[in-house]
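Student: Structure incoming, see below.
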Amino acid sequence: MVKKHFGLVCPVIPVKGYTFDIPTDSPAAKLHFAFKDIAFVAVMFEPGKWRIAAFGDLSGQDKSFDPRRVRFLKNVVSDKLDKSELYKYENLNTCLRPVPPDDIPILGPLRHYPNVFLNAGHAGRGTTHGLATSKLVAEELMEGKAKSIEDMAPYSPRRFYL
């Protein structure tokens, strides 16, 4: 939309992530585990189901599955979960996460169109950061300045000459 209506290119890179679900007989718990060194997280997102998410592959617009990545992820998960459940995985998906080159969301007004605001580039953190960044953009729109954060400059679209 930014390119189509304003002739600008928002500098986000599509980064491919993998997700799948594992049915479980384990009691529902509000817990998760992660391995930061391999960008992996497992969350019990509903009773009886683990959601496994991982990776950040630079693959352009390619959403195909790399069987080696799926196998590696299943092996990592097998150390933490019941191995018999692991083979019942379902809903294998890939997704493209929009990542700016500096991995910091792009928030705020465009330089030449000050009434057009961006709230983009959250990568795999859109669900967790989206509400907070929306609040910042709303404060800028309604009050002329974000009040919840001291300095919005690190998030500004202007860092990419937008």
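Student: Could you compute the net charge surrounding Tyr113? Neighbours are other residues with a C-beta less than 15 Å from the C-beta of Tyr113; K and R count +1, D and E count -1.
Tutor: Values: positive: Lys3, Lys4, Arg111, Arg158; negative: Glu140.
Here the count lands on +3.
Student: When only C-alpha pairs under 8 Å and at least 6 residues apart count, what is the relative contact order of the chain, in percent? Don't skip to the end; give the middle numbers.
Tutor: Values: 257 pairs, mean separation 37.2, N = 162.
RCO, the chain: 23 percent.
Student: Return the Rg/Rh ratio of the stretch 13-99 with Cα-based radii and a Kirkwood Rh.
Tutor: 0.97
Student: Compute the Rg to Rh ratio over the chain from the alpha carbon atoms, using the Kirkwood formula for Rh, and round to two decimal places. List each step's numbers first, then the result.
Tutor: Details: Rg = 19.0 Å, Rh = 17.9 Å.
In the chain, Rg relative to Rh is 1.06.
Student: So what is the relative contact order of the stretch 13-99, in percent, for Cα pairs below 8 Å that sit 6 or more residues apart? Walk me through the numbers before you get to the answer.
Tutor: On the way: 149 pairs, mean separation 40.0, N = 87.
Answer for the stretch 13-99 is 46 percent.
Student: Any idea how far the Cα center of the stretch 1-24 sits from the one of the stretch 99-151, in Å?
Tutor: Comparing the Cα centres of the stretch 1-24 and the stretch 99-151, I get a distance of 16 Å.
Student: What number do you get for the stretch 102-160 when its Cα radius of gyration is normalised by 2.2 N^0.38 Å, N = residues?
Tutor: Its radius of gyration relative to the 2.2 N^0.38 Å reference: 1.03.
Computed from the coordinates by the stated procedures, all read-outs in this text should not be read as laboratory data. Keep in mind the model is a prediction, meaning the values are calculated, not measured. We place every Cβ from the backbone using ideal geometry, glycine too, and count neighbours over all the protein chains shown.
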